[in-house]
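The values are calculated or read from the model by the stated rules, or taken from the named source; none is laboratory data. On a predicted model such as this, the values are computed, not experimentally measured, just so you know. Ideal geometry is used to build each Cβ from the backbone, glycine not excepted, and the neighbour counts take in all protein chains shown. Quick note on the areas: whole protein, heavy atoms, side chains included, nothing else; ligands and nucleic acids left out. Shrake-Rupley method; radii C 1.70, N 1.55, O 1.52, S 1.80 Å.
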Amino acid sequence: MALPHKISTLLYCFNPRDEILLLERAREPNRGQWSPAGGKLKTGSGESPYACACREAREELALELTPADLHFTGLVSEHGYLGQAHWLMFLFEVRPRLTTLPSPIREGRFAFFPRAELETLALPQTDREMLWPLFWQHRGGFFSAHCHIHADGRHEWTLEASSCPPHEAEWRRENEEGSDDHFMTEALRQARRAYAAAEVPVGAVVVRDGRVIGRAFNQVELLKDATAHAEMLALTQAQAAVGDWRLNDCTLYVTKEPCPMCAGAIVHARVGRVVFGASDPRAGAAGGVLNLLQVPTLPHRCQITAGVRQADCAGLLRQFFAEQRTRPRRADATLP
């Protein structure tokens, strides 16, 4: 008898200590065992694996994600799981780190575990024997594997594709809390809030001593204020947080290269370092058209790091403007 084919996503989430989030499942399959969050894809609605992963994150973890927050780590197919179905599983690592433990859900309760502790947990057989070893080996890369489950219970594995990250330690450093990637992810969260509000999707955060002290997104239309760019609002928050207008020991992360207005404010605020994602070759003031952040005659010059998560930052802008071109354009519309 032909078995049905089912599709699911698994979400590999970590906290700032690089501990993995697992769900002790209260339902079959795998009741009483620990496995990553995730669920079945809604094939009837044509849902994509990325859309499924984002939906599961929202429903199970109360976490709002976009495809840019996911790293596609592995594709696993299982032939004849429990003699009931064939499975196709998409394994995603969630880039943003979880700072709180998600609340219990109908499917079970959550807990964080260090990698070494996985050996002591009740895990599904396929997870223990292959999925976890393959995940750790390919974290930051990609793999595809197939498991043929025989009627006598034997598991026959085939590794069909393997692309390990060339510098795994470096990849982990870039994605750990406190890295430029980490804080640019926070700026991207703000940019998505702008997108949801029909504002040009630019977000910014100000960081001091490894802690975010200011965060904002473009609010030009919301506030009816031409100066309400993400950088300007984030700088104001940061100055209020430290009780001083000087931000010499702070880093500003912004998803798009600052414009001349924002670059001027950054210099006047004495920001120590500026990190941006997408370049702006038409109006950028951090090297795109001109570089106001490092003018020798001005009283302050900033360090600049460009191109952090550039593809994600630029992709969000392109998507926004592509949608805007399909709508009636206002005569007075301006871009930051």
Go through the stretch 218-325 and tell me which helices (runs of 4 or more DSSP H), entirely inside it, have 1 or more residues that are closer than 25 Å to Asp69 by Cβ and touching a residue at least 24 places away in the same chain (Cβ under 8 Å).
220-223, 230-242, 310-324
If we ask which residues in the stretch 238-292 are of a type outside the set (A, V, I, L, M) and in contact with a Lys or Arg (Cβ under 7 Å, 6 or more places away or on another chain), their number turns out to be 9
Scan the stretch 249-266 for residues that are open to solvent by 10 Å² or more (accessible area, probe 1.4 Å) and over 20 Å from Arg208 (Cβ atoms) and jot them down.
Lys256, Cys259, Pro260, Met261, Gly264
Looking at Val202, Val220, Val212, Val267, can you tell me which residue is modelled with pLDDT of 95 or more and closer than 23 Å to His182 by Cβ?
Val202
Search result, residues across the stretch 106-120 that are of a type in the set (A, V, I, L, M) and open to solvent by 50 Å² or more (accessible area, probe 1.4 Å):
Ala116
Subset of the stretch 228-242 that is open to solvent by 70 Å² or more (accessible area, probe 1.4 Å) and of a type outside the set (A, V, I, L, M, F, W, C) - its residue that is nearest to Gly210 (Cα to Cα)
Gln237
In the stretch 142-158, what residues are surrounded by 13 or more Cβ atoms within 10 Å (Cβ to Cβ) and modelled with pLDDT under 90?
His146, Cys147, His148, Ile149, His155, Trp157
The residue from Arg246, Arg273 that alone is open to solvent by 20 Å² or more (accessible area, probe 1.4 Å) and in contact with a strand residue (DSSP E or B) (Cβ under 9 Å, 6 or more places away or on another chain) is Arg273
